[in-house]
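Written below as structure tokens is the structure these notes are about.
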Amino acid sequence: MVPMNLLKGGVACYVETGAWSKKAIKEAKKFGEVKVVASSADKNFSYIPDCSDLDIPDNADYVYICENETIHGLTYHKLPNTKGHVLVSDQSSMFLSRPCNVSDYGLIWGGVQKNVGPAGMSIVIIREDLIREDLDDKLPVYLSYNTHADADSLYNTPNCWAIYCCGKVFKYLLKNGGLAAMNQRNEEKAKVLYDFLDQSKFFTGAVVKEDRSLMNVPFVTPSKEQDAEVVAASKTAGFDNLKGHKSVGGLRASIYNAMPKEGVEALVDFLAKYEKEHA
Ligand SMILES: Cc1ncc(COP(=O)(O)O)c(C=O)c1O
């Protein structure tokens, strides 16, 4: 929906940092001119490229980032300098994990299924002046942000169950110190795992220190075979979904808001024991 609504004959600029920004680039190309203004494809998406002085054309309609690359485990700890152009961010896998200054963005979007509620619903926060009424008549009405803004997000029959669950999570967050407290919790939690990986001689984190995600932690052993052996042993020990995404392999621990610190500590205990016994 982003290019359908925000491309106005100019250029759509994208920062390519992993699987989800790559997908967004591919889709945007269906709707107009796309420029990849920075990429970390050269090192298998293990870092966030320098975005302090991007070559953004004057006629750029927006600059798009995937702020947390779920599969590759990268996060922006500093937003790109868009040189006055609209910043669009896919926050699907980090939404509500830390405080966010919404006015830094033109548009934030995300699926709610990681940190907020059940799959099947998404959130969009859009600056009012970016909501357009002059879109192509052929654009299905549902795919215009204006439709949803005009109808107070009730254009279609709402996903009441998902909205109800999200409401519960919002209340939980407010009661527990809000996003600042959640961020602190997430930092403490991720540190447990990253500290372990940093000292391990068997497991290696896949991302440079400065750009590591607090939500998704990809790591590898010295070989694919050993990756598979650890995944199998982790299942036997009662841990689910440690296998890295099929497109990148290795292992990945997703430690979203709902994962308690004790869960990460239990994982580290398992990995440390595995290393001691097998490495
Ligand atoms: C960063 C990011 N963007 C987009 C998506 C796509 O979300 P959905 O599966 O709800 O279409 C995902 C899903 O994991 C994601 O992690």
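The values are calculated or read from the model by the stated rules, or taken from the named source; none is laboratory data. Remember, it's a predicted structure, so these values are computed and weren't measured experimentally. With ideal geometry, Cβ positions are generated from the backbone for all residues, glycine too; neighbour counts draw on all protein chains shown. Protein only, heavy atoms only, side chains kept; ligands, DNA and RNA dropped before computing areas. Shrake-Rupley method; radii C 1.70, N 1.55, O 1.52, S 1.80 Å.
Scanning region 120-131 for residues that are away from the ligand (no atom under 11 Å from the Cβ) and either more than 15 Å from the chain's Cα centre (by Cα) or in a loop (DSSP other than H, G, I, E, B) (or both), which turns out nearest to SER103 (Cα to Cα)?
Here the residue is ARG127.
Could you list all residues from region 132-158 that are open to solvent by less than 100 Å² (accessible area, probe 1.4 Å), among the hydroxyl-bearing types (Ser, Thr, Tyr) and part of a loop (DSSP other than H, G, I, E, B)?
SER144, SER153
Go through the residues of region 99-119 one by one and say whether even a single one is open to solvent by 30 Å² or more (accessible area, probe 1.4 Å), in a loop (DSSP other than H, G, I, E, B) and away from the ligand (no atom under 16 Å from the Cβ). Working first, answer last.
First pass over region 99-119, keeping only residues open to solvent by 30 Å² or more (accessible area, probe 1.4 Å): 99-104, 109, 113-114, 118-119.
From what is left, the residues that are in a loop (DSSP other than H, G, I, E, B) are 99-101, 113-114, 118-119.
Still in the list and also away from the ligand (no atom under 16 Å from the Cβ): 99, 101.
Within region 99-119, one or more residues are open to solvent by 30 Å² or more (accessible area, probe 1.4 Å), in a loop (DSSP other than H, G, I, E, B) and away from the ligand (no atom under 16 Å from the Cβ).
Between LEU154, LEU135, LEU174, which is away from the ligand (no atom under 16 Å from the Cβ) and within 25 Å of GLY263 (Cβ to Cβ)? Talk me through it step by step, then tell me what you get.
Numbers: LEU154 fails: within 25 Å of GLY263 (Cβ to Cβ); LEU135 fails: within 25 Å of GLY263 (Cβ to Cβ).
Of the residues listed, the single one that is away from the ligand (no atom under 16 Å from the Cβ) and within 25 Å of GLY263 (Cβ to Cβ) is LEU174.
Results for (1) in a loop (DSSP other than H, G, I, E, B); (2) open to solvent by less than 90 Å² (accessible area, probe 1.4 Å), shown as yes or no for each residue.
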position: TYR164; (1), (2): no, no
position: LYS168; (1), (2): no, no
position: LEU197; (1), (2): no, yes
position: ALA228; (1), (2): no, yes
position: ASP240; (1), (2): yes, no
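Which ranges mark the strands (runs of 3 or more DSSP E) fully within region 1-90 that have 2 or more residues being of a type in the set (Gly, Ala, Ser) and assigned by TED's automatic domain parsing to the domain that holds TYR105? Before you say what the answer is, go through the steps one by one.
Details: elements: 11-16, 33-39, 60-66, 87-90.
Passing ranges, in order: 33-39.
If only one of TYR14, TYR62, TYR47 is open to solvent by less than 20 Å² (accessible area, probe 1.4 Å), away from the ligand (no atom under 13 Å from the Cβ) and under 20 Å from SER93 (Cβ atoms), which one is it? Show your work before the answer.
Numbers: TYR62 fails: under 20 Å from SER93 (Cβ atoms); TYR47 fails: open to solvent by less than 20 Å² (accessible area, probe 1.4 Å).
Step by step, each of TYR14, TYR62, TYR47 is checked, and only TYR14 is open to solvent by less than 20 Å² (accessible area, probe 1.4 Å), away from the ligand (no atom under 13 Å from the Cβ) and under 20 Å from SER93 (Cβ atoms).
Could you check, for region 208-222, whether at least one of its residues is in a loop (DSSP other than H, G, I, E, B), surrounded by fewer than 21 Cβ atoms within 10 Å (Cβ to Cβ), touching a His at 6+ places or on another chain (Cβ under 8 Å) and touching a residue at least 40 places away in the same chain (Cβ under 8 Å)?
Residues of region 208-222 in a loop (DSSP other than H, G, I, E, B): 208, 213-215, 221-222.
When the remaining residues are screened for being surrounded by fewer than 21 Cβ atoms within 10 Å (Cβ to Cβ), the result is 208, 222.
So of that shortlist, the ones also touching a His at 6+ places or on another chain (Cβ under 8 Å) come out as none.
Within region 208-222 (the criterion being in a loop (DSSP other than H, G, I, E, B), surrounded by fewer than 21 Cβ atoms within 10 Å (Cβ to Cβ), touching a His at 6+ places or on another chain (Cβ under 8 Å) and touching a residue at least 40 places away in the same chain (Cβ under 8 Å)), the answer is no, since none of the residues qualifies.
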